[in-house]
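Chemist: Input: one structure, supplied below.
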Amino acid sequence: MTILTETAEKIKNMEIRGAGKIARAAANAMKEEAKSAPTDDLKAFNKRMGEAYELLYSTRPTAVSLPNALRAVMNYKADNGEEARRAIIENADKFITASENAVRRIGEIGAHRIKDGDTILTHCNSSAAFGIFETAFKQGKKINVIATETRPRQQGYITVDFLQNAGIPSTLILDSAVRYYMKKVDLVIVGADAITANGSLINKVGTSQVALAANEARVNFIVAAETYKFSPRTMFGERVEIEERDPAEVLSPELQKKWPKLKVANPAFDVTPHKYIDMIITEIGAISPEMAYWVIKDKLGWELQETAEINGKGVQQCE
Ligand code: RI2
């Protein structure tokens, strides 16, 4: 097994998970693949990197951070294999550093939204959201974070593990208890797998219900999202594909056998319309969802051109 195939496997089975981490792991796998691929023939090198791109791309369909990371790494022009390898390594390192800095910056910007004594509710496990909690807590603000369990894979356990290790007072609740607790909540902060051109959010399934409950209770709903989670393809009307995962995550194989005619659906994500989102905190600032179009156009502009050209999953021109 190479680092490439191992990373692809781990992303698929969610040993590596979280939109930002997936993107950084994919960039690193591309870098390792470039290091080990022969460079004597540029065409053959590009072909192998193209195959690596396709393999990683196919692992999880919803987190836009993954294709955005892959395209950032594959954005090069080279006259020979050595030059191509150097460019890929450089691009991957640049992406990983920028991504880590973005999470840190989001923590700093987002912490301004948190007041001393606030109770914040979060769903699933988001490094970007956690960065905000940690920064606010380190600033001396007394906060309490309510974390949902997040069925079926219980990423809420990862969140409470982070929170407990950081010494942040936290409460674990069932997903179905969100509305019951919303009256005690000052602010909701969640992460993002993708932001569409109209500012809607794709995040862990259940997020849209949290947003509805927040809206009803007049509680601010904030999204923490690095700009590489904005989806250029949605500018062309494409929809973000919602990943449907194995029914065994929801119901054990034994029970599935017991009820052979029962259908079990397991969408991993849902869509929260922009009208329920008060603010998206990115590394370039706190913006309204209506600004998403401009983030895609200005920040990911080079991707737009490419997206229009390749129309589909293809690898961009890298010769
Ligand atoms: P960060 C996760 O997906 C959750 O939906 C989370 O909100 C999102 O990634 C963003 O995570 P999954 O991989 O990049 O658990 O903020 O399906 O860590």
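The values are calculated or read from the model by the stated rules, or taken from the named source; none is laboratory data. Treat the numbers as computed from the prediction; the structure is a model and nothing was measured. Ideal geometry is used to build each Cβ from the backbone, glycine not excepted, and the neighbour counts take in all protein chains shown. When the accessible area is computed, the model is the full protein with side chains, heavy atoms only, and any ligands, DNA or RNA have been set aside. Shrake-Rupley method; radii C 1.70, N 1.55, O 1.52, S 1.80 Å.
Chemist: Which ones in segment 62-88 are part of a loop (DSSP other than H, G, I, E, B), of a type outside the set (Asp, Glu) and over 18 Å from Ala225 (Cβ atoms)?
Modeler: In the first step, residues of segment 62-88 are kept if they are part of a loop (DSSP other than H, G, I, E, B); the result is 62-64, 74-80.
Narrowing the set further to residues that are of a type outside the set (Asp, Glu) leaves 62-64, 74-78, 80.
Within segment 62-88, Met74, Asn75, Tyr76, Lys77, Ala78, Asn80 meet the criteria.
Chemist: Filter segment 196-222 down to the residues that are in contact with a Pro (Cβ under 9 Å, 6 or more places away or on another chain) and under 26 Å from Val250 (Cβ atoms) and list them by number.
Modeler: Selection gives Ser200, Leu201, Val205, Ser208, Ala211.
Chemist: With respect to Ile106, determine if the residue is within 30 Å of Met279 (Cα to Cα) and more than 13 Å from the ligand (Cβ to nearest atom).
Modeler: Details: within 30 Å of Met279 (Cα to Cα): yes; more than 13 Å from the ligand (Cβ to nearest atom): no.
Answer is no for this residue.
Chemist: If you go through segment 10-20 one residue at a time, how many are within 8 Å of the ligand (Cβ to nearest atom) and touching a helix residue (DSSP H, G or I) at 6+ places or on another chain (Cβ under 6 Å)?
Modeler: 3
Chemist: Answer with yes or no whether Leu201 is buried (at least 18 other Cβ atoms within 10 Å of the Cβ) and within 16 Å of the ligand (Cβ to nearest atom). Explain how you work it out, then say what you get.
Modeler: Numbers: buried (at least 18 other Cβ atoms within 10 Å of the Cβ): yes; within 16 Å of the ligand (Cβ to nearest atom): yes.
So Leu201 passes the test.
Chemist: Please go through segment 128-145 and give me each residue that is touching a strand residue (DSSP E or B) at 6+ places or on another chain (Cβ under 9 Å) and either surrounded by fewer than 19 Cβ atoms within 10 Å (Cβ to Cβ) or assigned to a loop (DSSP other than H, G, I, E, B) (or both), ordered by number.
Modeler: Across segment 128-145, the qualifying residues are Ile143, Asn144.
Chemist: Residues of segment 21-41 being within 16 Å of the ligand (Cβ to nearest atom), open to solvent by 10 Å² or more (accessible area, probe 1.4 Å) and touching a residue at least 60 places away in the same chain (Cβ under 8 Å), which ones?
Modeler: Within segment 21-41, Lys21, Arg24, Asn28 meet the criteria.
Chemist: Now a separate question. So, in segment 252-286, how many residues would count as being over 21 Å from His123 (Cα atoms) and without any contact (Cβ under 8 Å) to a residue 40 or more places away in the chain?
Modeler: 13
Chemist: Continuing with this model, one more query. What is the residue count in segment 153-193 for residues that are surrounded by 15 or more Cβ atoms within 10 Å (Cβ to Cβ) and of a type in the set (Gly, Ala, Ser)?
Modeler: Of the residues in segment 153-193, 4 are surrounded by 15 or more Cβ atoms within 10 Å (Cβ to Cβ) and of a type in the set (Gly, Ala, Ser).
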